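Reading through the structure tokens given below for one structure.
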Amino acid sequence: HIGGDAVCWGEPSPGRPWRVAIADPRAPHDNGDFLATVELRSVAAGIASSGHRSRGVRVANRSFSHVLDPREGWPAEYAPAATVIAQDAATADALATALSVLPIRKGLDLLEHMPGVEALLVSDSGRTFASPGWYRLLAAEDRHDPSWPAQFEFVVDYEIPQQEAVNYRRPYLA
């Protein structure tokens, strides 16, 4: 383990996965609260985080990352934090840094073309975004069933207003 990056190989004990707690990037204190715990079960896996608030700086109510945005050469503003799991630590580290300067949607789109790579991104406001396979890496106590309960119903009631105007055309609604 070194500065937010770690590599795990084998098993810590027979039949048990490596358990890694994901620090809350908005309050990354040693032994502080964490967002979740992942379980790494492959022969070798790398995990890296980038963009934690502890390395950034606030100036005049603006948040600047310690990571430079290569497109501009300046510190990224309001950068998301990223934790990436890949087959090796170098790939995880490079992607975590890249994801902390990319817009969140573009970062997740990039990962769709990279098999064996999963990530959790946290916006500067604390909202989380994850790649599709991230949730299956979570420890059992952190998983939840995202499906709706049986008999659950979602109803939207919308009324199209009637306008008394010469050129009024009903709006299209889907």
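Where a number appears in this text, it was derived from the coordinates with a stated rule and is not lab data. None of the values given here were measured: they were computed from a predicted structure. In this analysis, Cβ positions are derived from the backbone assuming ideal geometry, glycine residues included, and neighbour counts consider all displayed protein chains.
Assuming 0.36 nm per residue, please report the length gained on full extension of the stretch A21 to S63 beyond their Cα-Cα distance.
Details: separation 42, 0.36 × 42 = 15.12 nm, distance 2.53 nm.
In short, 12.6 nm is gained.
Can you tell me the FRET efficiency between R41 and E159 if r is taken as the Cβ-Cβ distance and R0 is 45 Å, rounded to the nearest 0.05?
Computed FRET efficiency for R41 and E159: 0.30.
Counting other Cβ atoms within 10 Å of each Cβ, which GluC sites (Glu not before Pro) in region 60-122 have at most 15 and sit in a DSSP loop?
Taking region 60-122 and a limit of 15 other Cβ atoms within 10 Å, the loop GluC sites (Glu not before Pro) found are E72, E112.
Give the angle, between 0 and 90 degrees and rounded to the nearest 10, that separates the Cα long axis of helix 89-99 from the longest principal axis of the Cα atoms of the chain.
The angle comes out near 30 degrees.
Between Y172 and I104, what length in nm is gained on full extension when 0.36 nm per residue of separation is reduced by their alpha carbon distance?
Length difference between fully extended and current span is 21.4 nm.
Once you mark the trypsin sites (Lys or Arg not before Pro) that are in a DSSP loop and have at most 14 other Cβ atoms within 10 Å, what is the longest gap between them in the chain?
So the longest stretch without any such site is 72-126.
Report, in deg cm²/dmol and to the nearest 500, the calculated mean residue ellipticity at 222 nm for the chain, where each DSSP H run with n ≥ 4 adds -39500 (n - 2.57) and the sum is divided by the residue count.
That comes out to -3000 deg cm²/dmol.
For the chain, the longest stretch holding no chymotrypsin sites (Phe, Trp or Tyr not before Pro) located in a DSSP loop with at most 15 other Cβ atoms within 10 Å is which?
The longest such stretch corresponds to 1-77.
Note down the net charge around G133, summing +1 for each Lys or Arg and -1 for each Asp or Glu among other residues with Cβ under 11 Å from its Cβ. Could you put the intermediate results ahead of the total?
On the way: positive: R136; negative: E112, E118.
Neighbour charge sum, excluding G133 itself: -1.
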